[in-house]
Amino acid sequence: MVLLSRSKIIVFTALVVLIVLLSQCKQADKPSVSTSENTSCVKTKSLNPNGDSELALLMRHMYDSLNSMNRLIKNGGVPSKFPESFLKIHTAKPTTSTTKLESFDAFADDYITTLRLLYKSPKADLNKNYNSLVQKCANCHEASCPGPLKKIYKLKLDF
Ligand code: HEC
């Protein structure tokens, strides 16, 4: 009898310990998920109490520029003045040092190459090259900063 109840106690204790461990795991998970969201990309002003980073402001200009180019192309226009300021994508200061992944520069180069291509496009290739540029924005964001993805995909032209 004594043996049996001892083993019951051991099993019970083991269960309690297991439950406590499991619940601690869950609690430990939560903050790490939310910090990685905060540091990988800042989505709204309210999430960023330190003000907007140079990179975030540049991104907004890049977004606005694509938005107006979308309208320009729809109305039969051709982009003219290459936006030299967007070349700063490599050096613009991000919100935190962890905002930029190791892959950032490769994605940024890919974006700049496609941007140059777009400004040299013959009219017949404008739609295709414009959409390909939107895809370059999306590629980097898929990897590092999914927040604005929906907004970015909306920039695509149907044709
Ligand atoms: C090489 C990677 C990369 C490319 C290419 C890229 N982005 Fe970003 N984007 C980022 C990162 C990283 C941030 C976060 C910047 C920060 O918080 O400092 C960001 C932030 C943003 C934001 C949020 C800015 C804010 O208000 O905080 C928007 C919108 C955005 N990008 C749109 C675009 C568009 C449109 C393009 C293409 C024209 C583009 N991005 C290309 C990496 C990239």
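The values are calculated or read from the model by the stated rules, or taken from the named source; none is laboratory data. Computed from a predicted structure; not experimentally measured. Methodologically, a virtual Cβ is constructed for each residue, glycine included, from the backbone with ideal geometry; neighbour enumeration extends over all protein chains shown. The accessibility values were calculated without ligands, DNA or RNA, using every heavy atom of the protein model including side chains. Shrake-Rupley method; radii C 1.70, N 1.55, O 1.52, S 1.80 Å.
A few remarks follow.
- Pair list, Cβ < 7 Å and 6+ apart or interchain, from the stretch 89-108 residues that are touching a residue at least 12 places away in the same chain (Cβ under 8 Å) and outside any loop (DSSP other than H, G, I, E, B) to residues that are near the ligand (Cβ under 8 Å from one of its atoms) and open to solvent by 70 Å² or more (accessible area, probe 1.4 Å): H90/D105
- Summed over the stretch 129-159, the residues that are basic (K, R) and in contact (Cβ under 8 Å) with a residue 12 or more places away in the chain give a count of 3.
- Residues in the stretch 84-103 that are basic (K, R) and at pLDDT below 90: K100 alone.
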